[in-house]
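Inspection log for the structure reproduced underneath, given as structure tokens.
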Amino acid sequence: MGPDVTPEPAGDDAQARPSRTASAASAGPTTANAFRILLVYATRHGSTVEVADAIAEELRSGGNEVDQRPAAEAPSPAGYDAVVVGGPMIMGWHREAARFVTRHRADLERLPTALFITAASLTETGESDVQGVPIVKDPWLAKAPRDAAKLRYKERYALPQHYLGAVLKKAAPGRPRSVAFFAGSLDLTTMNLFEKAFVLLVIGATPGDGRNWKAIREWGAGLGEVLTA
């Protein structure tokens, strides 16, 4: 179950949080040489939108033109120079993000692509890639297992390869250049009883806003170089 709600920010964290109005209003520079990036996001209760906003702001700051769209309304990637797709883990990656990747995998095979995933937990076992795809792990999210030699069920469930394996299968034969895992925001009041049981018992997640804006923005700031390389 991926966290995906939007509580109010507090303290310094609020300053790093993107402005929804500013982010949604501008597609960035429109010079002839601007790198055109389609940024597609799926969200359940709104918090992943703000993660997408922060990434888009960093990409625009790097001189890229960013067209930011919800997955259900996103156009074909044809005509863009690169694509970024993100969404929360909800007993699997958000279905709208997964559908976009599956529907457009022919275009994504030829375009530089990156993915981001918000999650409630992630088991840290030292890997830097999944099936050869480079991954970035939010240090607020990734946690070492109690016993690396004998992972518990919830630790196996939260392995990067478990989360990402199904996503890569949907994207095949395309291969993302980077996949980032970020902590999200989790509000139990938005969930039904089954979802609450899954989050608390299977995932072992802690409710609250765990979004690490520093990590999100750092990935976004370096993403333009990854996509244009």
Legend entry - Count of residues meeting criterion [part of a helix (DSSP H, G or I), modelled with pLDDT under 95 and surrounded by 18 or more Cβ atoms within 10 Å (Cβ to Cβ)] in segment 200-224: 1
Inset, instruction - Determine, yes or no, whether LEU122 is surrounded by 19 or more Cβ atoms within 10 Å (Cβ to Cβ), in contact (Cβ under 8 Å) with a residue 24 or more places away in the chain and not polar (S, T, N, Q). - result: yes
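Scan the helices (runs of 4 or more DSSP H) fully inside segment 144-199 and keep the ones with 3 or more residues being modelled with pLDDT of 95 or more. Step through it out loud before you land on a result.
Details: elements: 153-157, 160-171, 193-197.
Hits in segment 144-199: 160-171.
Determine whether segment 31-40 contains at least one residue that is part of a strand (DSSP E or B), within 22 Å of ASN212 (Cβ to Cβ), of a type outside the set (A, V, I, L, M) and at pLDDT 95 or above. Reasoning before the result, please.
Step one: filter segment 31-40 for residues part of a strand (DSSP E or B), giving 36-40.
Pick out the ones that are also within 22 Å of ASN212 (Cβ to Cβ) and you get 39-40.
In the following step, the residues that additionally are of a type outside the set (A, V, I, L, M) were identified as none.
Looking for residues that are part of a strand (DSSP E or B), within 22 Å of ASN212 (Cβ to Cβ), of a type outside the set (A, V, I, L, M) and at pLDDT 95 or above, one finds none in segment 31-40, hence no.
Taking the condition under 18 Å from the mean Cα position of the chain (by Cα), part of a helix (DSSP H, G or I) and not polar (S, T, N, Q), does PHE116 pass?
On the way: under 18 Å from the mean Cα position of the chain (by Cα): yes; part of a helix (DSSP H, G or I): no; not polar (S, T, N, Q): yes.
So PHE116 does not fit the description; no.
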Inset, instruction - Look through ALA148, ALA98 and report the one residue that is within 15 Å of the chain's Cα centre (by Cα), surrounded by fewer than 24 Cβ atoms within 10 Å (Cβ to Cβ) and not hydroxyl-bearing (Ser, Thr, Tyr). - result: ALA98
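If I ask for residues that are part of a strand (DSSP E or B) and under 22 Å from ARG217 (Cβ atoms), which ones from segment 119-132 would you list?
Looking only at segment 119-132, we keep the residues that are part of a strand (DSSP E or B), and these are 119, 122-123, 129-130.
Selection gives ALA119, LEU122.
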Inset, instruction - Sort through THR228, THR206 and tell me the only one that's over 27 Å from LEU59 (Cβ atoms) and either in contact (Cβ under 8 Å) with a residue 12 or more places away in the chain or touching a Ser or Thr at 6+ places or on another chain (Cβ under 8 Å) (or both). - result: THR206
Inset, instruction - Being under 21 Å from ALA172 (Cβ atoms) and at pLDDT 95 or above is the filter here, so list the residues in segment 43-93 that pass it. - result: ALA71, ALA74, SER76, PRO77, ALA78, TYR80, ALA82, VAL83, VAL84, VAL85, GLY86, GLY87
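The values are calculated or read from the model by the stated rules, or taken from the named source; none is laboratory data. Bear in mind the structure is a predicted one, so any value in this text is a computation, not a measurement. Glycine also receives a Cβ, built like all others from the backbone with ideal geometry; neighbour counts cover every protein chain displayed.
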